[in-house]
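The values are calculated or read from the model by the stated rules, or taken from the named source; none is laboratory data. Since we're looking at a predicted model, the values are computed, not measured. Every residue, glycine as well, gets a Cβ built from its backbone with ideal geometry; the counts of neighbours run over all protein chains shown.
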Amino acid sequence: MKHFLLMVTGIIFLAACGKSRTEKLLLDKRWKVYDVTPPRTGVYDVDAANQAEELKNGFYKNAWFEFEQNGIFKADFAGKTDSGKFKISPGGGIISLYPLHSDKMYEQIQIQNLSDSTLRFNTLIAKFDMTLDLKTE
């Protein structure tokens, strides 16, 4: 029983470290989108590549995200700023975005890579699975 409790405590500690690491690297910065690509699956999909290029040069052109300490995010797409709530998973690998006045999730960001100045994540919007690459401003 003692070993089981130690193992559970260790798992909780590691999960908390993942979330706190993500918070430390992610929060209170403006993240600007610089690339949009379909996820790498090993097979080149011309339609998906074209759709990603259209999003990069349209909806995501000059787009940015900000995640604040108070659990609020702001995002700007095509010159229109939006805001809402966000929650980081215990392991730190998933960020769930919610409308400001609701608990209904409308997007999940799956972090692929996060450093002090770069962020890469996968997301699914309007049935299009894509990868966004961002840098801090």
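For (1) surrounded by fewer than 16 Cβ atoms within 10 Å (Cβ to Cβ); (2) modelled with pLDDT of 90 or more, each residue gets a yes or a no:
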{"residue": "M1", "(1), (2)": "yes, no"}
{"residue": "T9", "(1), (2)": "yes, no"}
{"residue": "C17", "(1), (2)": "yes, no"}
{"residue": "W31", "(1), (2)": "no, yes"}
{"residue": "K61", "(1), (2)": "yes, yes"}
{"residue": "N70", "(1), (2)": "yes, yes"}
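This table checks each residue for (1) touching a Leu at 6+ places or on another chain (Cβ under 9 Å); (2) modelled with pLDDT under 90.
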position	(1), (2)
R21	yes, no
L27	no, no
T41	no, yes
G58	no, no
W64	yes, no
F67	yes, no
Open item on the list: I'd like to verify a number: residues in region 94-137 that are assigned to a loop (DSSP other than H, G, I, E, B) and within 21 Å of D28 (Cβ to Cβ), how many?
Closed with: 5
Task: Residue selected from region 79-128 under the condition farther than 19 Å from K19 by Cα, within 13 Å of the chain's Cα centre (by Cα) and not β-branched (V, I, T), by the criterion modelled with the lowest pLDDT - done: L124
Task: Residues satisfying the stated conditions in region 15-50, i.e. without any contact (Cβ under 8 Å) to a residue 40 or more places away in the chain and not in a helix (DSSP H, G or I) - done: T41, G42, V43, Y44, D45
- [ ] Select from region 78-93 the residues that are surrounded by fewer than 17 Cβ atoms within 10 Å (Cβ to Cβ) and either in a strand (DSSP E or B) or among the aliphatic types (A, V, I, L, M) (or both) and list them in ascending order.
- [x] A78, K80, T81, D82, S83, K87
